[in-house]
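One structure below.
The values are calculated or read from the model by the stated rules, or taken from the named source; none is laboratory data. Source: prediction; values computed, not measured. So basically every Cβ, Gly included, is an ideal-geometry build from the backbone, and we count neighbours across all protein chains shown.
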Amino acid sequence: MAASDMAMWGPAYLASDPDSSQRTPPGVRVPYGPLADLDLAWAGDFPYDPTRIRVPVLIIRGEWDDVTTNRDAHWLYERLRNAPIRRDVLVSRATHVMHLEASRLQLYREVQTFVEGKDEAGAL
């Protein structure tokens, strides 16, 4: 993300929480629900059964992601056996926050390709 983008994004993000300026340093509160789910998943207790998923699934992660590992993605991919389409995409030179990095354009293309129902070569 360019410095000029961050200069615009940062204040807008802080403004999304009306109480952000009441904290030192200013910060946005976010729900803990997703992190609680992660804690349980890392302990082997998922809030869902991946084998029951019956819709197309895209797993997309960064090459330098230290949160979602190759082992994690493989584990999930193997259990998504009832999904009609499964794709596991590794975005090169990206981390867990690739939506804020130079690789975000590849992230957007991969998601758009998947949503449009195209294969890796772009064919319908």
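Checking each residue of region 68-83 against the condition of being among the β-branched types (Val, Ile, Thr) and closer than 18 Å to GLU110 by Cβ gives at least one match. Figure legend. Inter-residue proximity from region 1-29: first residues on the phi < 0 side of the Ramachandran plot and hydroxyl-bearing (Ser, Thr, Tyr), second residues modelled with pLDDT of 90 or more and surrounded by 10 or more Cβ atoms within 10 Å (Cβ to Cβ), beta-carbon distance below 8 Å, spacing 6+ or different chains. Indicated pairs: TYR13/VAL28; SER16/VAL28; SER20/LEU14; SER20/PRO26; SER20/GLY27; SER20/VAL28; SER21/LEU14. Out of curiosity, is PRO18 more than 24 Å from ALA2 (Cα to Cα), under 17 Å from the mean Cα position of the chain (by Cα) and in a loop (DSSP other than H, G, I, E, B)? Spelling it out, it is not the case that PRO18 is more than 24 Å from ALA2 (Cα to Cα), under 17 Å from the mean Cα position of the chain (by Cα) and in a loop (DSSP other than H, G, I, E, B). The residue list ALA73, ALA83 contains one member that is in contact (Cβ under 8 Å) with a residue 24 or more places away in the chain, surrounded by 12 or more Cβ atoms within 10 Å (Cβ to Cβ), small (Gly, Ala, Ser) and not in a strand (DSSP E or B), which is ALA83.
Just give me the residues in region 21-34 being farther than 18 Å from HIS99 by Cβ and not in a loop (DSSP other than H, G, I, E, B), in sequence order. Those that are farther than 18 Å from HIS99 by Cβ and not in a loop (DSSP other than H, G, I, E, B): SER21, GLN22, GLY33. Taken as a whole, the condition of being closer than 30 Å to MET6 by Cα and either out of contact with any Lys or Arg (no Cβ under 9 Å at 6 or more places or on another chain) or of a type in the set (Gly, Ala, Ser) (or both) does not apply to ALA83.
Scanning region 1-37 for residues that are in contact with a helix residue (DSSP H, G or I) (Cβ under 7 Å, 6 or more places away or on another chain), of a type in the set (A, V, I, L, M, F, W, C) and farther than 25 Å from ARG93 by Cβ yields LEU14, VAL28. Among the residues making up region 86-106, those that are in contact with a strand residue (DSSP E or B) (Cβ under 7 Å, 6 or more places away or on another chain) and either assigned to a loop (DSSP other than H, G, I, E, B) or within 24 Å of ALA43 (Cβ to Cβ) (or both) are ASP88, ALA94, THR95, HIS96, SER103. Considering region 55-70, the residues that are in a loop (DSSP other than H, G, I, E, B) and touching a residue at least 12 places away in the same chain (Cβ under 8 Å) include one that is surrounded by the most Cβ atoms within 10 Å (Cβ to Cβ), namely ASP65. Look at region 39-54: where a residue is in a loop (DSSP other than H, G, I, E, B) and modelled with pLDDT under 85 and a partner is surrounded by 10 or more Cβ atoms within 10 Å (Cβ to Cβ) and of a type in the set (D, E, K, R), sitting 6+ places away or on another chain with Cβ atoms under 6 Å, you get PRO47/ASP37. Output yes when any residue across region 66-84 is within 30 Å of TRP9 (Cβ to Cβ), touching a helix residue (DSSP H, G or I) at 6+ places or on another chain (Cβ under 7 Å) and among the basic types (Lys, Arg), and no when none is. Checking region 66-84: not a single residue is within 30 Å of TRP9 (Cβ to Cβ), touching a helix residue (DSSP H, G or I) at 6+ places or on another chain (Cβ under 7 Å) and among the basic types (Lys, Arg).
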